[in-house]
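Asks: Dropping the structure in here first, questions after.
Taken together, the values in this text are just the output of simple stated rules run on the coordinates, not laboratory data. What you see is a predicted model, and the numbers here were worked out from it, not measured in a lab. When we count neighbours, we look across all protein chains shown, and the Cβ atoms used for this are built from the backbone with ideal geometry, even at glycine.
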Amino acid sequence: MTRTATRGFTLLEVLIALLIFSLGLIGMAGLLSVSVRTNHSAYVRTQAVFLAQAMADRMRENNLALWANAYNSSLTTTAPATVPTTCNYPSSCSYTDMVARDQAVFQNQLAVFLPASQWRINCALNAGSTAPTGSGLLNLPPYTGTCEIELKWADVSLEQVNNTSSYPEDFDWVFQP
C-alpha cells in the first residue's frame, strides 16, 4: 500500500473508540443515578423501621395505656404536631398525657424522615384475655395482646425510576409489647 491510502485511517479508529467509550460512560452515569435512588429508598425504609421500633419502646413503657387501648389511632402526617409541654417527666403525667406526647413525638419524627407519611397503630388483646380492673392497675401484668404499627409514605426517588405518579411504600409490623 502506498502512504496516501493509509492516511486518516487511525483518526477514524480513534473516533470510533471515543464513541464507544462515550456510550459506556453514559451507561455508567445512568447506573450510578439508579444506584443513588435505590440507596436513598433503602435509607428511608431503614428510618421507618427505626421510628416504628422507637414508638414500640415508648408503648412498652406505658403499660397502662396499652391495657386501655389508648394508643389505637391513625393519622396522616402533613405538618409537625405540637408536643404537649404539661408532661415533661413521666412520673407527673397520666397515661393519656404520655400517649398524647408519644404520638406527637412520633408524628414529628415521621414528618421529618418520611415524606407524605401516614401511620396507624392498633393494639388488641389475644382471644380469651381480659383487661385487669380494680385497684391493681398500677401493678399490671405484661400486655397479653399484639400491636400493629403500619407506616405508609411516598418514595419520590422510585417514582422517577418507575415513571409512576404515586409509589406508596408500606411498612407493617406486628409485635407483642
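Asks: In whole Hz, what ³J(HN,Hα) sequence does the range 32-49 give by Karplus (6.51, -1.76, 1.60; θ = phi - 60°), x for Gly and Pro?
Replies: Whole-Hz 3J(HN,Hα) from phi for the range 32-49: 5, 5, 5, 4, 5, 5, 5, 5, 5, 4, 5, 4, 5, 5, 5, 5, 4, 5.
Asks: Could you work out the local net charge near Ser74, counting Lys and Arg as +1, Asp and Glu as -1, over the other residues with Cβ closer than 15 Å to its Cβ?
Replies: -3
Asks: Continuing with this model, one more query. Using a cut-off of 13 Å between beta-carbons, work out the net charge of the residues near Gln118 (Lys and Arg +1, Asp and Glu -1, Gln118 not included).
Replies: So the surrounding residues net to -2.
Asks: While we're here: Report the label-to-label distance for Thr144 and Gln53 in nanometres (one decimal), using points 7 Å from each Cα along the Cα→Cβ vector.
Replies: 3.0 nm
Asks: Run the quick spin-label model on Glu13 and Asn69: label points 7 Å from Cα toward the beta carbon, then report their separation in nm to one decimal.
Replies: Taking the simple label geometry, Glu13 and Asn69 are separated by 8.1 nm.
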